[in-house]
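Take a look at the structure below.
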Amino acid sequence: MKKWLIRIFALGFVLLNVSAAFHGYKFTHFASESEVKTSAESLSFGAKLGVLFLGVSNPRPVNLSQPLAPYEILTFSSGAETLEAWWITADSALGSVILFHGYSGEKSSMLKRAALLREIGYNTLLVDFRGSGGSTGNTTSIGFHESVDVRAAIETLLARGEENLYLLGTSMGAAAVLKAMAEDPAGVTGLILECPFGSLLQTAKNRFERMGVPAFPGAHLLVFWGGLENGFWGFGHQPSAYSQEVSLPTLLIHGQKDRRVKQHEIDAIFQALAGQKDLLLFPEAGHGNYLEMDQPAWIKGVKSHLLPERGK
């Protein structure tokens, strides 16, 4: 009997890790663009079981629209990848804001923000991370390797002579910005961070919670295998820790009904930030939908950050 129990336990352990490896792979590798994205929250119980073993399919993000204002397509290298970005200028620009999208997103998802920033008086550079839109690659590391993309975008504008650079990142984009700025903040004036997650592990836990299943040990195995398959230690990917090394003026934005990033994650990041900082909360907003819930409040907060003398 004891041998059988050991064998059953060993088989279960192996199957659990095989499932986690599949899940981690799909979490970080995009499927073909023709596939339909799996929404974990809307699945039936049987479908959830299938997802729990094989992982959630995410089609490669594509840009669904283009800027209404005149724009220039820029391409530049980031490691082994080539990134695509849209450069949109403003009349008598006060500076430039580089925008970075979230997980499974693309630069077209940032167009509304870019239009509002242009009205405030800033040029904008909308960047496709590696694996998304017009950029090369087919993977995502949830902000880890994307931090290299952030630095590449900064260097591209600095080489063109642009000054007074701000970075705006949402969700995964905000996490990538924090990691990049913890490593090298040169050339950047300030940050606007929307709903950055506290750690990759917490993000995985939140994901399991939204599916209505226990987070342990699935979330931990997902982080382990997802990181291993993409060449980094997943448990060490912690924007809350990166924040301790960031001293740039920062506006941190969060929706208090966000189920993907919890309030305690935002609080930890805000407390860790070493420089001048402001926290803008949207009581009725969820994950990143601030412009839908209260666009005037977003504009006021961002304008005060970019134009401290005129934005009050």
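Annotations
- Of the residues LYS303, LYS179, LYS2, LYS112, ranked by 1.4 Å probe accessible area with the largest first, the sequence reads LYS2, LYS112, LYS303, LYS179.
- Cβ crowding within 10 Å averaged over residues, with 168-177, 250-259 ranked highest first: 168-177, 250-259
- Solvent-accessible surface of region 130-201, taken per residue with a 1.4 Å probe and all protein chains present: 25 Å².
- Stretch gain in nm, segment LEU158-ASP278, where the contour uses 0.36 nm per residue and the Cα spacing is subtracted: 40.6 nm
- Shape category assigned to region 180-312 from the gyration tensor of Cα positions, a/c cut at 1.5: oblate
- Alpha-carbon spread of the chain, three principal axes, descending order, Å: 79, 36, 35
- Peptides 206-219, 89-102 ordered by packing proxy, namely the average of other Cβ atoms within 10 Å per residue, highest first: 89-102, 206-219.
- Listed residue (GLY275, HIS29, ILE192) projecting farthest to the positive dipole end of the chain, Cβ model: HIS29
- For VAL97, the residues 5 or more places off, or on other chains, whose built amide H falls under 5 Å of its own are ASN123, THR124, LEU125, TYR166.
- Close amide H partners of ALA285, meaning residues 5 or more places away or on another chain with modelled amide H under 5 Å apart, are GLN256, LYS257.
- For region 189-312, carbon and sulfur atoms together expose 53% of the accessible surface, with a 1.4 angstrom probe and every protein chain in place.
- Taking amide hydrogens as placed 1.01 Å from N in the peptide plane, the amide H of HIS29 sits under 5 Å from those of THR140, each at least 5 positions away in sequence or on another chain.
- In plain terms, the chain from SER57 to ALA69 could stretch by 0.9 nm, reckoned as 0.36 nm per residue minus the Cα-Cα distance.
- Helical segments meeting 30 Å axial Cα length and Kyte-Doolittle 0.0 threshold in the chain (DSSP H): 2-28
- Helical mean residue ellipticity (222 nm; -39500 (n - 2.57) per DSSP H run of 4+; nearest 500) of the chain: -12500 deg cm²/dmol
- Accessible surface for region 248-291, divided over its residues, is 44 Å² per residue with a 1.4 Å probe.
- Relative to the current alpha-carbon distance between THR189 and VAL14, full extension at 0.36 nm per residue lengthens the span by 58.1 nm.
The values are calculated or read from the model by the stated rules, or taken from the named source; none is laboratory data. Just so it is clear, the structure is predicted and the values come from calculations on it, not from any experiment. Glycine also receives a Cβ, built like all others from the backbone with ideal geometry; neighbour counts cover every protein chain displayed. Note: accessible area is taken over every heavy atom of the protein model, side chains too, but ligands, DNA and RNA are not part of it. Shrake-Rupley method; radii C 1.70, N 1.55, O 1.52, S 1.80 Å.
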